[in-house]
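Step one of this worksheet: look at the structure below.
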4 protein chains.
Amino acid sequence: MRARDLGLACGALPPGDRNAITDVPGVLVGHCTIADGPVCTGVTAILPHDGNMFQMKPIAAPAVTNGFGKSVGLVQLGELGTLETPILLTNTFAVAPCAGALIRRAIAADPEIGRRTATVNPVVLECNDGYLNDIQALAVTEADALAAIEAATEDFPVGAVGAGTGMSCFGFKGGVGTASRRLRLDGATYHLGVLVLANFGRSGDLRLPDGRRVDPEAGVEEEQGSCIVVIATDIPLECRQLTRVGRRAGAGLAWCGSFWGNGSGDIALAFTTANPVAQEPDGEFQDRRVLAEGRIDRLFQATAEATQEAVLDALAAAETTEGRNGHRRVGLAEILDRG
Amino acid sequence: MRARDLGLACGALPPGDRNAITDVPGVLVGHCTIADGPVCTGVTAILPHDGNMFQMKPIAAPAVTNGFGKSVGLVQLGELGTLETPILLTNTFAVAPCAGALIRRAIAADPEIGRRTATVNPVVLECNDGYLNDIQALAVTEADALAAIEAATEDFPVGAVGAGTGMSCFGFKGGVGTASRRLRLDGATYHLGVLVLANFGRSGDLRLPDGRRVDPEAGVEEEQGSCIVVIATDIPLECRQLTRVGRRAGAGLAWCGSFWGNGSGDIALAFTTANPVAQEPDGEFQDRRVLAEGRIDRLFQATAEATQEAVLDALAAAETTEGRNGHRRVGLAEILDRG
Amino acid sequence: MRARDLGLACGALPPGDRNAITDVPGVLVGHCTIADGPVCTGVTAILPHDGNMFQMKPIAAPAVTNGFGKSVGLVQLGELGTLETPILLTNTFAVAPCAGALIRRAIAADPEIGRRTATVNPVVLECNDGYLNDIQALAVTEADALAAIEAATEDFPVGAVGAGTGMSCFGFKGGVGTASRRLRLDGATYHLGVLVLANFGRSGDLRLPDGRRVDPEAGVEEEQGSCIVVIATDIPLECRQLTRVGRRAGAGLAWCGSFWGNGSGDIALAFTTANPVAQEPDGEFQDRRVLAEGRIDRLFQATAEATQEAVLDALAAAETTEGRNGHRRVGLAEILDRG
Amino acid sequence: MRARDLGLACGALPPGDRNAITDVPGVLVGHCTIADGPVCTGVTAILPHDGNMFQMKPIAAPAVTNGFGKSVGLVQLGELGTLETPILLTNTFAVAPCAGALIRRAIAADPEIGRRTATVNPVVLECNDGYLNDIQALAVTEADALAAIEAATEDFPVGAVGAGTGMSCFGFKGGVGTASRRLRLDGATYHLGVLVLANFGRSGDLRLPDGRRVDPEAGVEEEQGSCIVVIATDIPLECRQLTRVGRRAGAGLAWCGSFWGNGSGDIALAFTTANPVAQEPDGEFQDRRVLAEGRIDRLFQATAEATQEAVLDALAAAETTEGRNGHRRVGLAEILDRG
């Protein structure tokens, strides 16, 4: 079940073939799902390419809409503008093992890291799944993080899987969702794809694309959620432009009904697969192609539309889940079916 | 005509008595309107209090959603966190005379400025009204800026007045709009008020609170607009909190249908009338009351709701206007009447 | 051996009694040193107070001079302006176990974390000690992190101890250093103290307070270092002011001869012990005392002076060390003795 | 008289032929000096190239070390990363006429500005020369601003000229200074040049390159100064890199003895003459050459060295000046001669 299966398409721009972040050529996504009674959590990995990320670094930039979050790696990403590892998503207390796994994996691939060359900057983003998941169980291991990376493919499930297993969104069952938009530039086809870890929003605030509000009829709790938005594109952009693109994820979340609540760590990370930067470049300069700034509006629109739809995609796909202590989140599809 | 007269109320929180930024005690607003054939422009002044602003500085902070704008004064405001002059809104090319007027006015009131004391930091925000207004005429003078300040009162008109005279919004006639929200904290009543200079949005993108899209049926031009959002409150906040509150203006604009287009300089400035800072303080410390962070969500919601409604207020009040070169913007009320 | 024992006092303001960060009442520092052949590394803990940090959060702010670093916790710290755990310093690859230890320790003290309340934001800062230390050994454990916290006292050693065990600075043996300055405000005595983890600077660039340059005569390598600067004060400051104070750490590093090289993650974190914020406040407001902005220059000067002296303190105290693979760093005292 | 004539060379890298910002090919500098009894002020213009700046925009970025300043144009510069006008330096209260002049000049050259195309973003930076200059006289006119632009050449005077006419620095006569560094990359020669408007620093804090402190023996006043640092290079850099380069101006100021005092608006702006961006580009993409990040350290060093030397250049060249109200600043050369 995807957002469009429930009639929840967003915006005007056409989606890519998969309507997924993996419509951007080379991008892969993998999950490791941990569901065992009160433990419902996991890891989701996004790989900008399937090669050695430390040797061939994708250009990237963070965009923090609300910094109530415990991400790892964003300070260096903002300074240097390059990714050195896959991007891992997980629960708030699993950031440490995920970072550890990325470091060990990088060292295994490049034994000179931290010796002859610089160290490596792991990037891990997180949401708090503590309503459904027994987050204090600290169930995620380094092996789980590596399993998510190993599982990465072009076709991947969405909903209550991987890092999305225990997430909640607008009082419904949340999770992982995705969407993409296809763009024509200089006669060629490009894509911009979004993957969200949707764990934000108060009950009653969800707004569907036609303006309807939908309420899970669950009691309202104070928001302790978050939303992570990863944006990929094959359009060549410089860091400054990626920051501008990433900021528009906030508009997509607002279109879902959010005002970026105090407790919601709403953080975006945008990368391009164009112009990757070599760890050991041949010369002192690199030639890059960059989008003309006057053409960037379509990317802003694509980001906002795909972010909105990716959130609805997570809601559409995530099935009703019961977690720790009898806590329960109903799937949006179930409610819309009833309605 | 106000937004609520057209049935365009936004959100769940109750408005203040005037549903205006001047519901915050002490805040005043004045206009100087310049409408003379192809020249349709002006100045709007917002006064946090009616005293000497250089001597008694309101705590304030900027929040830049999209920095495609030519504001004056935001660098120092971000560093020091205090206002030293009234806030002026005007057209892009009138920033210089408005800044000049604020400097002259401050010197007249405090002859030691730039001599014994530091200089003064004028704050001027702007939008490009060049579609209706002959912006190259450079029609705004220092006298006009002073006239707007002199005219400041609690009850003020909205729509195509002051700085809003020549503005456009979603292909309709734009302008100045306002709204407020009433909040209860520790048993007392407080207000958060918003005033917008609405000059943003592409034709066809406007979304009403019930989800309807409305189209002015005008040809679509590339966005060269902007939106300025001034937020006032009597709730005591520190600078960091004002930045967080100001950022939520972006959610209100998104709720109107915007994705913060490339050409739209979407800039917010939030101030509190609590805890003003003396230019020459008595001691080395100041005692301040500050809102507990855990209570800030209602302010975020109030900001997003009031920003959305203030934009619709500008659209509701602004009447059909013809400007330079036969350019014409239709008022939203006229279109809704027809519909 | 301290900086002043080598005649390396810096600046004009008087130091506190210990000339240490622990001159700020309540602040404690502890080390866990791991020195075993090619493994020479460790953890240093800074405690703003000896109570429950999650329940009573010190006001704090980061200031990033050069973001080439892998710190944890700064995004949330910048947004919310409060610390929730002790501050841990360690090597780059030990950030994950240190963060894990802080999470487990917080949960043990507050079993409602991640259940009824929000999660906790661990703060860990790091430098790359890979020249002397076999950083790939991943020798630091969660138990080591807890041991550093347990060891925290007012009187603590400096030099090649704790996180400083394997650090290098200007081609010499680096490590942990500290200094403080005493300030009079409104008739009372206050302190500003600094602790650095000094691991930056190219051979030959070190400049002593009298202008002399000192060279370790070691071969010059490309900088892969960093410097962490933790600033504590009991002067009441708001977050914006702490950011301004923290930024002046960069001036202190420059006074040592640095231009903040590309590879040097120069990151400061400033906190005040005044006005701590309760996790569960009594009312909706908090009363705070705040320093008048016009008095902040002395704090800027104190920060720059104490940062410069703390770096020299680390150099003065750190003894010649031999680490992995025959790598060796000579202590500055040894070189100055010879000269 | 230049800094090197007084034996005040800084750092290790070789200077360009002029040891001036105009060693960067195409860059021009012009002054308009206003010296008439108590009025001693002026305007200095820096032109990245001698063509139409709106049509061919240099890539640029701001770096604010201390934002206590009233600059114009930095918000848009930070968002879009391009200059659209010459850079003007002047006194704090002359920002408005300078901005006005840049707007009028741009409209005259491109009559479609604000009509068919977007508006133009004037960039004006300032310091407070109110100690020597009767700043309240508001003596600078739009004609003066244009005169500075018209006067722009490769060989230009430094010291108490143009915007530097009334400036003070460490209690001495300050003003305009410049320096450059020559760099070899991929077998070709490049330059990085700096121009400062030096108006900062407390009496007694000046530190010469050999470590000596020099005191003008004038009474110490609270700092109300500032320092503007403009950095030019023909090395191809993207915006993010220009921000990093610009930040190192702060290290150069610190090497002069500054800790970036509260009242000192220390603001840098860095631009490259490589890869200028067309207002109306041919296609949807632009090909750019960009420096490999691993080579950026030499630019950081060049920026810090040239900033330090440019400040000393201003001090060396600026002759003893008497201004309003008997206020007097002695030239550094005079003091060093005496010593």
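The values are calculated or read from the model by the stated rules, or taken from the named source; none is laboratory data. No experiment lies behind these values; they were computed from the predicted model shown. Virtual Cβ from ideal backbone geometry, glycine too; neighbours counted across all protein chains shown. Just so you know, the surface numbers come from the protein's heavy atoms only, side chains and all, with ligands and any DNA or RNA stripped out. Shrake-Rupley method; radii C 1.70, N 1.55, O 1.52, S 1.80 Å.
Screening B:L253, B:L312 for residues that are away from chain A (no Cβ under 14 Å) and under 30 Å from D:A118 (Cβ atoms) leaves exactly one candidate, B:L312. The strands (runs of 3 or more DSSP E) falling completely within the stretch B:209-295 that include 2 or more residues that are charged (D, E, K, R) and more than 17 Å from the chain's Cα centre (by Cα) map to B:285-291. The requirement of being open to solvent by less than 10 Å² (accessible area, probe 1.4 Å), free of Cβ contacts under 8 Å to residues at least 60 places away in the same chain and in contact with a strand residue (DSSP E or B) (Cβ under 7 Å, 6 or more places away or on another chain) is satisfied by A:V124. Note on the stretch D:75-87: residues that are in a strand (DSSP E or B) and over 15 Å from the mean Cα position of the chain (by Cα) total 1. Residues in the stretch C:133-143 that are over 11 Å from A:G114 (Cα atoms) and open to solvent by less than 30 Å² (accessible area, probe 1.4 Å): C:V140 only.
Tell me which residues, restricted to the stretch A:259-285, are within 14 Å of chain B (Cβ to nearest Cβ) and touching a Ser or Thr at 6+ places or on another chain (Cβ under 9 Å).
Those that are within 14 Å of chain B (Cβ to nearest Cβ) and touching a Ser or Thr at 6+ places or on another chain (Cβ under 9 Å): A:F259, A:W260, A:G263, A:S264, A:G265, A:D266, A:I267, A:A268.
Considering the stretch D:235-246 alone, what residues qualify as being surrounded by fewer than 24 Cβ atoms within 10 Å (Cβ to Cβ), within 12 Å of chain C (Cβ to nearest Cβ) and touching a strand residue (DSSP E or B) at 6+ places or on another chain (Cβ under 7 Å)? Selection gives D:T243 alone.
Go over the candidates C:G26, C:G69, C:G78 one by one and state the one that is within 24 Å of C:R248 (Cβ to Cβ), modelled with pLDDT of 95 or more and more than 11 Å from chain A (Cβ to nearest Cβ). Spell out the reasoning first.
On the way: C:G69 fails: more than 11 Å from chain A (Cβ to nearest Cβ); C:G78 fails: more than 11 Å from chain A (Cβ to nearest Cβ).
From the options C:G26, C:G69, C:G78, the qualifying one is C:G26.
Residues that are over 30 Å from A:E217 (Cβ atoms) and not in a helix (DSSP H, G or I) within the stretch A:296-328 comprise just one, A:I296.
Checking the conditions here, which among C:A109, C:A94 is more than 8 Å from every other protein chain (Cβ to nearest Cβ), of a type in the set (G, A, S), over 19 Å from A:G265 (Cβ atoms) and open to solvent by less than 30 Å² (accessible area, probe 1.4 Å)?
Checking each option against the conditions leaves just C:A94.
The listed residues are A:A179, A:A152, and the only one of them that is open to solvent by less than 30 Å² (accessible area, probe 1.4 Å), away from every other protein chain (no Cβ under 14 Å), within 19 Å of A:A318 (Cβ to Cβ) and under 18 Å from the mean Cα position of the chain (by Cα) turns out to be A:A179. Counting only residues that are among the aromatic types (F, W, Y) and surrounded by 20 or more Cβ atoms within 10 Å (Cβ to Cβ), the stretch C:276-302 holds 1 of them.
Checked against (1) surrounded by fewer than 24 Cβ atoms within 10 Å (Cβ to Cβ); (2) assigned to a loop (DSSP other than H, G, I, E, B); (3) touching a strand residue (DSSP E or B) at 6+ places or on another chain (Cβ under 6 Å), D:D129 meets all criteria but (1). Being away from chain C (no Cβ under 12 Å), surrounded by fewer than 22 Cβ atoms within 10 Å (Cβ to Cβ) and closer than 26 Å to C:F93 by Cβ is the requirement here; does A:A188 meet it? Criteria not met by A:A188.
Taking every residue in the stretch B:1-22 that is more than 19 Å from B:K173 (Cα to Cα) and pairing it with any residue that is open to solvent by 60 Å² or more (accessible area, probe 1.4 Å) and not in a loop (DSSP other than H, G, I, E, B), at least 6 positions away or on another chain, the pairs with Cβ-Cβ distances below 6 Å are B:P14/B:R182; B:G16/B:R182.
What pairs can you find where one residue is in the stretch A:289-300 and more than 7 Å from every other protein chain (Cβ to nearest Cβ), the other is among the aliphatic types (A, V, I, L, M), and their Cβ atoms are less than 8 Å apart, with a gap of 6+ or different chains? Listed pairs, sorted by first residue: A:R298/A:L13; A:R298/A:L183; A:L299/A:L183; A:L299/A:L192; A:L299/A:I235; A:L299/A:L237; A:L299/A:V245; A:L299/A:L291. Scanning the stretch B:118-135 for residues that are among the polar types (S, T, N, Q) and either more than 8 Å from chain D (Cβ to nearest Cβ) or within 14 Å of B:I149 (Cα to Cα) (or both) yields one hit, B:N133.
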